[in-house]
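Trainee: Have a look at this one.
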Amino acid sequence: MSDDTPILSLPLILPAQAQKHVTHNEALRILDVLVQLAVTDRTRATPPAAPVEGDRHIIATGATGPWSDRDGQVACYWGGAWLYLIPQDGWTARVLTESRTVAWQGGEWVNAVTAPPPPVTLGINATADTTNRLTVSAPATLLTHEGAGHQVKINKALPADTASLLFQSGWQGRAEMGLAGNDAFAVKVSADDGQWRTALTTDPASGSLSLPAPLRLGAQTTAPVSPANGTLWLDPTGEVRVASSGTVQRVGLADGSRGDITVSANGMQWTVAPGSIGNTKLAAITGPALKGRSTAGSGATDDLTPAQARAMMDLAPLSHTDFCEVARLGSPAAIVGPFAATAVLSGTYTTTVPATSLLGINPFGVFCRSSANANSGYRFSTNLTCDFFGVTTRKFRAKCLWRGTTGTTVRLGYHNCTTVADSNNGAYFEVVGDQIAAKTAAASVRTAHPTVLTLTSNTLYTFDIEADAPATTIRFRVWENINPTPVFDVSIQTNLPTTSANAFGAGVIATNSQVVASDLLILYEIIVGTTAGFRRLLD
């Protein structure tokens, strides 16, 4: 027979054994440890520094020191020494610091009590099914707080799914609110016809609220007292009113007169009283003012500042250097404004315009003609070494009726041409034959824009050149007849004359390489100035 019990290994008292009390006490000590086993913790890998008699611990994994190689054993401090018990499957122990009961199973301590599996369905005073897995049949259902707030969450998998509250009457849907088929909160209602109608929708991106159906305000028996701004109501007289800017105002107009406006019974016809819009209203303004609005919007008009008025009319402030000179040709005088009329190799001009060239657009005009000398013609120009770019803005414009004569060469703009030879400096249009191009030149180095325009005979063209103040860009535009859209619009940024050594003038020169007199063009007007001066005078 074994000296110990087979289960707890308690020592047995042997026959004729001396000092039987020793064996008996050892067995009692083991029982004292194991019966109603409760340990302080199961997280220690080393003994406590000052153990108390009767301290019990489950030794943690990775024990060291006196507890080395005793992972999982029960250690009890008794009689000034540690007693170690090797657990067996089925032993249970209460871990006091965790308020948890654990059991030894499969070589480790595990929870002795496991939670039951969650129910698939739950019915309270009712029967739940696979669709309605939680069913409650009761006069009321209460969800309350636990000392703070309380949330009820309804979550859906995808935007196209539904997360909503459905209100039924006799098991028929009558109202639904939530996210139905998208992520925009909405409220829908239904009558007995089974059709759902959207009463309210929200935009999740902006927070704006939409009411697809008309909004009906309930009539108030008395008007609200001191309503906050934004309050909207239907007053006892049947009119809709709103509190705005501290005052109560009508919303819309009903049948009858409302000051300067009378509205018909159906609201479809508004009649403005005679004289309600006129100088009488403006006469109430006591000081100098220009009424308007400098930015997009609605509501009361503004008293515009001079700067706002100029900006609205695209009128830049004038400086002491701004100017604009206009020469409308139609006189045989040798000088027209700042432009001197000069023949090129006995070319001529006349103010008699043939009937076939009249367009009903401009009553002025000078007919420039060549003579029988090759490369003869006529020019109108300023001093040809009087200007250069880079100090302030520059603007040139000329209006001509194109005759389309073979062999004709025309230059219009800023240049220093006196003959058919090309300009050394400037920014100008060059017409050769019936092809027009934009060019710049500085010290005889030229840039010609690759875009060209084919001119049509007996057609009015307006040629426009504009230079910015720092002379970084020259813009060239051409309009045809009275069309407001340019038929030619290009810019050049190279070979711009910006020093007095590359000075130029302004004007128009037309020549022809034929040895017979030819009609070259009809010149109506030439304008030169700064951009601000030009716009103040003409635009």
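Trainee: Run down Gly62, Gly72 and say which single residue is at positive phi and surrounded by 12 or more Cβ atoms within 10 Å (Cβ to Cβ).
Mentor: Answer to the selection: Gly72.
Trainee: Can you tell which of Val95, Val152 is of a type in the set (A, V, I, L, M, F, W, C) and under 24 Å from Cys76 (Cβ atoms)?
Mentor: Val95
Trainee: Still on this structure: I'd like to check something: does region 101-118 contain any residue that is modelled with pLDDT under 90, loosely packed, with under 14 Cβ neighbours inside 10 Å and over 30 Å from Ile59 (Cα atoms)?
Mentor: The answer is yes; a qualifying residue exists.
Trainee: May I ask you to say which residue of Ala501, Ala471 is crowded, with 16+ Cβ neighbours inside 10 Å and among the aliphatic types (A, V, I, L, M)?
Mentor: The unique qualifying residue is Ala471.
Trainee: Output the residues belonging to region 416-438 that are free of Cβ contacts under 8 Å to residues at least 24 places away in the same chain and buried (at least 18 other Cβ atoms within 10 Å of the Cβ).
Mentor: Glu430, Ala437
Trainee: Also, quick follow-up: Select from region 82-105 the residues that are free of Cβ contacts under 8 Å to residues at least 40 places away in the same chain and assigned to a strand (DSSP E or B) and write down the one among them that is nearest to the chain's Cα centre (by Cα).
Mentor: Going through the qualifying residues, I end up with Arg100.
Trainee: While we're here: Got a sec? Which of Thr198, Thr202, Thr222 is more than 23 Å from Leu166 (Cα to Cα) and of a type in the set (S, T, N, Q)?
Mentor: Thr222
Trainee: Considering Leu211, Leu234, Leu179, Leu217, which residue is closer than 30 Å to Thr247 by Cα, surrounded by 15 or more Cβ atoms within 10 Å (Cβ to Cβ) and either aliphatic (A, V, I, L, M) or modelled with pLDDT under 90 (or both)?
Mentor: Result of the check over Leu211, Leu234, Leu179, Leu217: Leu234.
Trainee: Please verify whether Glu480 is under 24 Å from Arg328 (Cβ atoms) and surrounded by fewer than 18 Cβ atoms within 10 Å (Cβ to Cβ), treating the condition exactly as stated.
Mentor: yes
Trainee: Would a scan of region 332-347 turn up a residue that is modelled with pLDDT of 70 or more, under 30 Å from Leu521 (Cβ atoms) and among the polar types (S, T, N, Q)?
Mentor: yes
Trainee: Determine, yes or no, whether Thr511 is in a loop (DSSP other than H, G, I, E, B) and hydroxyl-bearing (Ser, Thr, Tyr).
Mentor: When the stated conditions are applied, Thr511 does not pass them.
Trainee: Among the residues of region 479-492, are any under 27 Å from Ala340 (Cβ atoms) and in the same structural domain as Asn373 (by TED's automatic domain parsing)?
Mentor: Looking through region 479-492, at least one residue is under 27 Å from Ala340 (Cβ atoms) and in the same structural domain as Asn373 (by TED's automatic domain parsing).
Trainee: Ok, one more. From the list Leu359, Leu412, which one is more than 48 Å from the chain's Cα centre (by Cα) and either aliphatic (A, V, I, L, M) or not assigned by TED's automatic domain parsing to the domain that holds Val431 (or both)?
Mentor: It is Leu359.
To keep it simple, each residue is scored yes or no on (1) over 20 Å from Pro159 (Cα atoms); (2) in a loop (DSSP other than H, G, I, E, B).
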{"residue": "Glu176", "(1), (2)": "no, no"}
{"residue": "Leu179", "(1), (2)": "no, no"}
{"residue": "Lys188", "(1), (2)": "no, no"}
{"residue": "Asp192", "(1), (2)": "yes, yes"}
{"residue": "Gly207", "(1), (2)": "no, yes"}
{"residue": "Leu217", "(1), (2)": "yes, yes"}
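Trainee: Take Ile13 and tell me if it is modelled with pLDDT under 85 and not in a loop (DSSP other than H, G, I, E, B).
Mentor: Spelling it out, it is not the case that Ile13 is modelled with pLDDT under 85 and not in a loop (DSSP other than H, G, I, E, B).
Trainee: Let me ask something additional. If I filter region 291-305 down to residues being surrounded by fewer than 14 Cβ atoms within 10 Å (Cβ to Cβ) and modelled with pLDDT of 75 or more, which single residue comes out as farthest from Ala506 (Cα to Cα)?
Mentor: Within region 291-305, the match that is farthest from Ala506 (Cα to Cα) is Asp303.
Conditions tested, residue by residue: (1) charged (D, E, K, R); (2) buried (at least 17 other Cβ atoms within 10 Å of the Cβ); (3) touching a helix residue (DSSP H, G or I) at 6+ places or on another chain (Cβ under 7 Å); (4) farther than 13 Å from Thr440 by Cα.
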site: Asp464; (1), (2), (3), (4): yes, yes, no, yes
site: Ala467; (1), (2), (3), (4): no, yes, no, no
site: Pro486; (1), (2), (3), (4): no, no, no, yes
site: Asp489; (1), (2), (3), (4): yes, no, no, yes
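Trainee: Taking region 335-389 on its own, how many of its residues are part of a strand (DSSP E or B), over 22 Å from Val516 (Cβ atoms), touching a residue at least 40 places away in the same chain (Cβ under 8 Å) and among the aliphatic types (A, V, I, L, M)?
Mentor: Residues flagged as part of a strand (DSSP E or B), over 22 Å from Val516 (Cβ atoms), touching a residue at least 40 places away in the same chain (Cβ under 8 Å) and among the aliphatic types (A, V, I, L, M) within region 335-389 amount to 2.
The values are calculated or read from the model by the stated rules, or taken from the named source; none is laboratory data. Just so we're clear, the structure is a prediction, and the values are computed from it rather than from any experiment. All Cβ positions, even for glycine, are placed from backbone atoms using ideal geometry, and neighbour counts span all protein chains on display.
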